[in-house]
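Chemist: Pasting in a structure now, in structure tokens, and then I'll have a few things to ask.
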Amino acid sequence: MKNYSSFREIFAGNPDVVAIDRDYGPKKHFEPYCTYRDTRKCHDKCGKCKDNSYHTYDNKILKRHMKGEDRFGIYPLISGKIAKLLVADFDKKNKKQDKCKKPFKDAKLYAKIAAKLGLSAYIERSKSGNGYHVWIFFSKEVSVDLVDKLHETIMGKLGAKSLASFDKIFPQKPKNPVKFGLLIALPYWGDAQKGCTVMLNEKDGYKPYKDVSHFLKEVKTNTPKTIKNIIKNHFIQREPKKERTSARTSRVKFSKASLENILISGVQEGERNYSATRVAGHFFSLGLNSSKVKKKIFAWNKKNNPPLDESELMAVIRSVSRYHATNGNNKAIGSIESTARQIRYKLDQKDSRSEGQRIQQTLKMIFGYFKDNGELLKENGKPFYFYRPERLLIEIDKEGEALTELLYRLFHFIVTDKIYPHLVAKISAEALAYGKEITVKRHCYLDKHHYILYLFNNKEIVYEISSKGIIRRRNGYNGYLF
């Protein structure tokens, strides 16, 4: 290939630095390609190093990349504020998904919506063959804010649909100004004829282009004027300024108790956006995933007068989910689910271990998991377990429905599994020996001192009945645990 310059013009990134795929250390990883790394050992992280000397994004780098000598990536963020492309990443998140049909289906839908808006978009199959990238190229550099708005415009056109395999977009603003932003691997690495790291031709039934030169002849870029017009005409507008102001001024009046009223009765026009954000945040804080939050939010939205537009509601859910993904709860829940999958895989893996050894090793992992994510308790010689992510109190016995349901939900264990009785016995013994002594309230409790009756409905809601009326509380409120 001779037209490396054309390739760099289309797949544009930071010209002053390029990323290289390193294969030393515990696992392969990309890092800024620094000349010092090849000549001496580094003690500082690249972002903190004062002596770094980076390779520029030039034709020599591309030549090595396409020959398969080294694998390189680019940093789409240029000068920290502008970019010449938008890339949406779709990946196979669930091992049980049928090969890679879901990411491919989502990538095609994303590209199709972009095309309907008047954009030229191209799909790339990633190195693993399980993921896909949708590339949208610009004729000139545009601001990152404009790139983000363009992506939100495309996502906003989905309406009630969701892209389960969508991961992230490139570029994104770096959290630390020292860093270069997110990197993305370049296509056409090494022997791209194997069908991976290649651009797919929609007109030819999504078969790979003959070669990189053929793709460069066919590719079309999108002008900044086109992008601005699309955003101007199709970007999902927030509610009118008057309504947003009303919601802001009413924030002071909202309390924890009023959230219960919002969930039960809905809200009027003027408070829908802010209330939807609060309700979504409430459901995410309970540890629910995006699909479950979406169902609950759409059901709640029917109570509003009038209901909020579905596309605007989806924008709220995406915004809140991104916040929770980077600020704790969803990140913790995702880590918990990942650990649970690893434990199940460890048990099912067939290797040189005997069945008894597999059960014992898996049992040790599960018990460690339970200790990390909850507390062992006891009451009058009965063992209990409090599962913190779901605020779930479980009595440990062989026929306990709550424990059976939790084990099936996390690890797909059932009562007939050989590991089940071992697990129940171990948790019971540890809880009785080392568990904290507690007093567990049953389905109802009368606080005679304050003249309050508490009723529990088995769904994390406690009804507080007093002279003030009936108030819905979350289980665990005021120190009463049911």
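The values are calculated or read from the model by the stated rules, or taken from the named source; none is laboratory data. Since the model is a prediction, treat every value here as computed from it, not as a measurement. Positions of Cβ are backbone-derived with ideal geometry, glycine not excepted, and every protein chain shown enters the neighbour counts. Areas reflect the complete protein model, heavy atoms only, side chains present, ligands, DNA and RNA absent. Shrake-Rupley method; radii C 1.70, N 1.55, O 1.52, S 1.80 Å.
Chemist: Could you check how many residues of segment 16-62 are out of contact with any helix residue (DSSP H, G or I) (no Cβ under 9 Å at 6 or more places or on another chain), modelled with pLDDT under 80, more than 16 Å from Gly181 (Cα to Cα) and not in a loop (DSSP other than H, G, I, E, B)?
Modeler: So the count comes out to 5.
Each row is one residue, and each column tells you yes or no for (1) farther than 21 Å from Lys102 by Cα; (2) in a loop (DSSP other than H, G, I, E, B); (3) at pLDDT below 90.
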{"residue": "Gln172", "(1), (2), (3)": "yes, yes, yes"}
{"residue": "Asn176", "(1), (2), (3)": "yes, yes, yes"}
{"residue": "Gly190", "(1), (2), (3)": "yes, yes, yes"}
{"residue": "Lys210", "(1), (2), (3)": "yes, yes, yes"}
{"residue": "His214", "(1), (2), (3)": "yes, no, no"}
{"residue": "Lys217", "(1), (2), (3)": "yes, no, no"}
{"residue": "Glu243", "(1), (2), (3)": "yes, no, yes"}
{"residue": "Thr249", "(1), (2), (3)": "yes, no, yes"}
{"residue": "Ser258", "(1), (2), (3)": "yes, no, yes"}
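Chemist: What are the residues in segment 312-329 that are modelled with pLDDT under 70 and surrounded by 19 or more Cβ atoms within 10 Å (Cβ to Cβ), if any?
Modeler: Listed by number, the list holds a single entry, His324.
Chemist: Ok, one more. If you go through segment 277-314, how many residues are out of contact with any Lys or Arg (no Cβ under 7 Å at 6 or more places or on another chain) and in a helix (DSSP H, G or I)?
Modeler: 25
Chemist: Right, here's the next one. Working carefully through the options Ile113, Ile82, Ile78, find the one that is touching a strand residue (DSSP E or B) at 6+ places or on another chain (Cβ under 8 Å) and at pLDDT 90 or above.
Modeler: Checking each option against the conditions leaves just Ile82.
Chemist: Follow-up question, since we're still on this one. Taking Glu141, is it surrounded by fewer than 20 Cβ atoms within 10 Å (Cβ to Cβ) and either in contact (Cβ under 8 Å) with a residue 24 or more places away in the chain or among the aromatic types (Phe, Trp, Tyr) (or both)?
Modeler: For Glu141, the condition - surrounded by fewer than 20 Cβ atoms within 10 Å (Cβ to Cβ) and either in contact (Cβ under 8 Å) with a residue 24 or more places away in the chain or among the aromatic types (Phe, Trp, Tyr) (or both) - is met.
Chemist: Output the number of residues of segment 365-386 satisfying the condition of being aromatic (Phe, Trp, Tyr), in contact with a Phe, Trp or Tyr (Cβ under 8 Å, 6 or more places away or on another chain) and either open to solvent by 40 Å² or more (accessible area, probe 1.4 Å) or assigned to a strand (DSSP E or B) (or both).
Modeler: Adding up the residues that qualify gives 1.
Results for (1) at pLDDT 65 or above; (2) crowded, with 18+ Cβ neighbours inside 10 Å; (3) among the hydrophobic types (A, V, I, L, M, F, W, C), shown as yes or no for each residue.
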| site | (1), (2), (3) |
| --- | --- |
| Lys302 | yes, no, no |
| Pro307 | yes, no, no |
| Glu310 | yes, no, no |
| Lys331 | no, no, no |
| Arg341 | no, no, no |
| Arg358 | yes, yes, no |
| Gln361 | yes, no, no |
